[in-house]
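First up is the structure itself, then whatever we jot down about it.
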Amino acid sequence: MHPSIRSTVTTFAALLLASCADHSTAPLDVLAKQDKVAPQATGSPVVVMSGLDSPRGLAFGPEGALYVVEAGSTQVNGPCVVVARGSNCYSGTGAITRLWKGRQERIASGLPSYYNRAASDIGGPQDIDFQGRGNGFVTTGWAANPALRAGLGANGSSFAAMIRVTPTGDWKIVADPGTHELLSNPAGGPLDSNPYGVLAEAGVQYLVDAGGNSLLKVIDGVVSTVAIFPSTPIAPGSFPGPFVSSEAVPTEVTRGPDGALYVSTLSGVPFLPGAARIYRVVEGQVPTVHAAGLTQVTDHAWGPDGTLYVLQYASAPFFGGPGRIVRIATNGARTTLPVALTNPTAIIVGHDGALYVSNRGNVASVGQVLRITP
């Protein structure tokens, strides 16, 4: 990935699911107990979690609680290493917070995270998904050449990685997509690894590497490449500056209603409206475009009726304008929900039909999770 993309991708977005692990469901009776909010007008957001440090991915756990991963804060608690832009400094302030029966509680802290002052980047836990109890799989970002992790000493190996977090908050590294990028560089170009979205299924985890422009598969800790995603050409004269193409920058992977994998892309510099896509991926085949003409997509989620909800981080070049939610019906019709968001990073659908969104996902202490009736 281009150095300027590396620094901006990490300014956003990061789960507990029962054995199905599909980023989408929680028992309706649990949600009724948990939220206890008055009926909402369509699109009207209600804050259900607050005071979060750079909130990213969301999921419902086996017991029905809502979980969010926090990338961390601006604290520096360890060494720094010079990267393409500025320095990644060890912070160790990543966390997981749970909403259960109306109570917000941080249930894991001290997870790998870094702060880059020059780039104003907070990187750490990006996404989480669960495969049964006690198996919370979390991706950790890096947004740089993975060889540079060694500059953080013993803590370095916990970045550009996938970790497993237990109910007690303990964790260990279970896969190393950063080393996979070093050894194989699936999409070519400069070495860069920034693991982002993750999908945990029985015996296998899928994750997207936003830095490596790839979809990866992990079985028993062994990482392999499933697909790579191409850059999108930029029409000459359509935007000022020396921009000829926009990299894919994949952000999330889900299992669609048809059984295929689906991968959303942010798009790279200059982050033009309409440059982001949703790809459909069947293993062993070249990815196909499922939905184009989207903008800066950080996440997507499926409704029970097959509706696709697409979360857009911003609406103008270089992250200008409000974030949006685009609803894509099964017939392809699109509707933009009437709600303006601030740098949203993740979305999930509950059995109650409500959308849950990580908002203000690029800053510490003021992050939120919103509940929105579509």
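Observations
- Residues that are outside any loop (DSSP other than H, G, I, E, B) and open to solvent by less than 10 Å² (accessible area, probe 1.4 Å) do occur in segment 186-193, at least one of them.
Quick grid of which residues meet (1) within 16 Å of the chain's Cα centre (by Cα); (2) open to solvent by 10 Å² or more (accessible area, probe 1.4 Å); (3) among the acidic types (Asp, Glu):
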{"site": "TRP142", "(1), (2), (3)": "yes, no, no"}
{"site": "LEU148", "(1), (2), (3)": "no, yes, no"}
{"site": "LEU152", "(1), (2), (3)": "no, no, no"}
{"site": "SER158", "(1), (2), (3)": "no, no, no"}
{"site": "ARG164", "(1), (2), (3)": "no, yes, no"}
{"site": "ASP170", "(1), (2), (3)": "no, yes, yes"}
{"site": "VAL174", "(1), (2), (3)": "no, yes, no"}
{"site": "GLY178", "(1), (2), (3)": "no, no, no"}
{"site": "GLU181", "(1), (2), (3)": "no, no, yes"}
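Rundown of residues vs (1) part of a loop (DSSP other than H, G, I, E, B); (2) over 22 Å from VAL289 (Cα atoms); (3) at pLDDT below 95, yes/no style:
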position	(1), (2), (3)
THR168	yes, yes, yes
LEU199	no, no, no
GLY212	yes, no, no
ALA235	yes, no, yes
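- Pick from segment 267-287, criterion open to solvent by less than 10 Å² (accessible area, probe 1.4 Å) and β-branched (Val, Ile, Thr), ranking: farthest from PRO186 (Cα to Cα): ILE278
- Test: residue in segment 140-160 that is assigned to a loop (DSSP other than H, G, I, E, B), more than 25 Å from VAL82 (Cβ to Cβ) and at pLDDT 95 or above: no
- A single member of GLN104, GLN126 is open to solvent by 30 Å² or more (accessible area, probe 1.4 Å), among the polar types (S, T, N, Q), closer than 26 Å to LEU66 by Cα and in a strand (DSSP E or B), and it is GLN104.
- Some residue of segment 37-60 being modelled with pLDDT of 95 or more, of a type in the set (Phe, Trp, Tyr) and under 25 Å from ARG324 (Cα atoms): no
- Flag for ILE325 being aliphatic (A, V, I, L, M), surrounded by 20 or more Cβ atoms within 10 Å (Cβ to Cβ) and farther than 22 Å from PRO125 by Cβ: yes
- Residues in segment 82-120 that are basic (Lys, Arg) and touching a Ser or Thr at 6+ places or on another chain (Cβ under 8 Å): ARG85, ARG106, ARG117.
- Taking the listed residues ALA200, ALA248, ALA210, the one that is under 25 Å from GLY332 (Cα atoms) and open to solvent by less than 50 Å² (accessible area, probe 1.4 Å) is ALA248, with no other qualifying.
- The listed residues are SER264, SER224, and the only one of them that is open to solvent by 10 Å² or more (accessible area, probe 1.4 Å), out of contact with any Gly (no Cβ under 6 Å at 6 or more places or on another chain) and not in a loop (DSSP other than H, G, I, E, B) turns out to be SER224.
- Candidates ALA202, ALA143 - the one that is farther than 20 Å from GLY72 by Cβ and of a type in the set (A, V, I, L, M, F, W, C): ALA202
- Residue that is farthest from MET162 (Cα to Cα) [pool: residues in segment 87-101 that are open to solvent by less than 10 Å² (accessible area, probe 1.4 Å) and of a type in the set (Gly, Ala, Ser)]: SER91
- GLY367 vs. criteria open to solvent by less than 10 Å² (accessible area, probe 1.4 Å), at pLDDT below 95, within 19 Å of the chain's Cα centre (by Cα) and over 27 Å from SER231 (Cα atoms): no
- Any hit, segment 288-304, residues being in a strand (DSSP E or B), surrounded by fewer than 22 Cβ atoms within 10 Å (Cβ to Cβ) and β-branched (Val, Ile, Thr): yes
Residue-wise test of (1) within 18 Å of the chain's Cα centre (by Cα); (2) within 30 Å of PRO62 (Cβ to Cβ); (3) of a type in the set (Ser, Thr, Tyr).
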{"position": "VAL198", "(1), (2), (3)": "yes, yes, no"}
{"position": "GLN205", "(1), (2), (3)": "yes, yes, no"}
{"position": "ASN213", "(1), (2), (3)": "yes, no, no"}
{"position": "VAL222", "(1), (2), (3)": "no, yes, no"}
{"position": "ASP258", "(1), (2), (3)": "no, yes, no"}
{"position": "VAL263", "(1), (2), (3)": "yes, yes, no"}
{"position": "GLY268", "(1), (2), (3)": "yes, no, no"}
{"position": "PRO273", "(1), (2), (3)": "no, no, no"}
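- Inter-residue pairs, beta-carbon under 7 Å, first surrounded by fewer than 21 Cβ atoms within 10 Å (Cβ to Cβ) and in segment 60-72, second among the basic types (Lys, Arg), 6+ apart: PRO62/ARG133; ALA65/ARG98
- Scan of segment 48-99 for residues that are outside any strand (DSSP E or B), touching a Leu at 6+ places or on another chain (Cβ under 9 Å) and among the polar types (S, T, N, Q), ordered by number: THR93
- Sole exception among (1) at pLDDT below 95; (2) touching a Phe, Trp or Tyr at 6+ places or on another chain (Cβ under 6 Å) for GLY123, by number: (1)
The values are calculated or read from the model by the stated rules, or taken from the named source; none is laboratory data. Keep in mind that what you see is a predicted model, and the values were worked out from it rather than measured. Note that each Cβ is placed from the backbone with ideal geometry, even for glycine, and that neighbours are counted across all protein chains shown. Note: accessible area is taken over every heavy atom of the protein model, side chains too, but ligands, DNA and RNA are not part of it. Shrake-Rupley method; radii C 1.70, N 1.55, O 1.52, S 1.80 Å.
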